[in-house]
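The values are calculated or read from the model by the stated rules, or taken from the named source; none is laboratory data. Given the structure is predicted, the values throughout are model-derived calculations rather than measurements. No Cβ is skipped: glycine too gets one built from the backbone with ideal geometry, and neighbour counts run over all protein chains shown.
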């Protein structure tokens, strides 16, 4: 498939660019009377180009509609990271106070995955341990990782796949603003005020 599957069971589900050709972000959220009670933001990684194959490598979610759901306002932001040959790992992120508007939080999570995509790829491919700086074999410089030509061409590009149905950051902001009865400018300002520490500083809750 040319793009990863969208989240199912949500009122709104969209693809969002991740700023690099080998990654895409999916966003799903519900709308209830100008509120967003549930959302899922996932970072997908293209693990194969022939045929094209995507897999999720990191996800952040919130669900205040179920007693079993993860509520970021009670438990804080967390990231589940998948790994090639090991169990997924759960990281608890350090962050500032969260906006009461869920749209701001979603927008910030999307930006976070864009900024930290390489970290999540490295953890998925087990080149580094979660929540810690990478371990270099000689104590200093990283061990070179040789990439096939297809991987280099895809991974180094800043463009999203041309054949994927993707909305822009601005269009996502507009959807979030509409869902909460706010303006796009308010969503962008609220998202910018949320500070999330790098994943290297996160607490490994379950490994």
Qualifying positions in the range 165-187 - surrounded by 15 or more Cβ atoms within 10 Å (Cβ to Cβ) and not in a helix (DSSP H, G or I): 166, 167, 182
All strands (runs of 3 or more DSSP E) inside the range 20-101 with 3 or more residues being closer than 23 Å to residue 185 by Cα: 23-29, 38-49
Subset of the range 17-47 that is in contact with a helix residue (DSSP H, G or I) (Cβ under 7 Å, 6 or more places away or on another chain) and at positive phi - its residue that is surrounded by the fewest Cβ atoms within 10 Å (Cβ to Cβ): 34
Test: residue 78 is surrounded by fewer than 21 Cβ atoms within 10 Å (Cβ to Cβ), in contact with a strand residue (DSSP E or B) (Cβ under 7 Å, 6 or more places away or on another chain) and touching a residue at least 60 places away in the same chain (Cβ under 8 Å): yes
Leading residue by the ranking (farthest from residue 192 (Cα to Cα)) among those in the range 104-115 that are touching a strand residue (DSSP E or B) at 6+ places or on another chain (Cβ under 8 Å) and buried (at least 19 other Cβ atoms within 10 Å of the Cβ): 113
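Consider the range 34-52. How many of its residues are in contact with a strand residue (DSSP E or B) (Cβ under 8 Å, 6 or more places away or on another chain) and either under 30 Å from residue 101 (Cα atoms) or without any contact (Cβ under 8 Å) to a residue 12 or more places away in the chain (or both)?
Of the range 34-52, the ones in contact with a strand residue (DSSP E or B) (Cβ under 8 Å, 6 or more places away or on another chain) are 36-47, 52.
Remaining after also requiring either under 30 Å from residue 101 (Cα atoms) or without any contact (Cβ under 8 Å) to a residue 12 or more places away in the chain (or both): 36-45, 47.
Adding up the residues that qualify gives 11.
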Single residue of the range 1-19 satisfying the filter (part of a loop (DSSP other than H, G, I, E, B) and more than 15 Å from residue 59 (Cβ to Cβ)) that is modelled with the highest pLDDT: 11
Test: residue in the range 148-158 that is modelled with pLDDT of 95 or more, buried (at least 17 other Cβ atoms within 10 Å of the Cβ) and touching a strand residue (DSSP E or B) at 6+ places or on another chain (Cβ under 7 Å): no
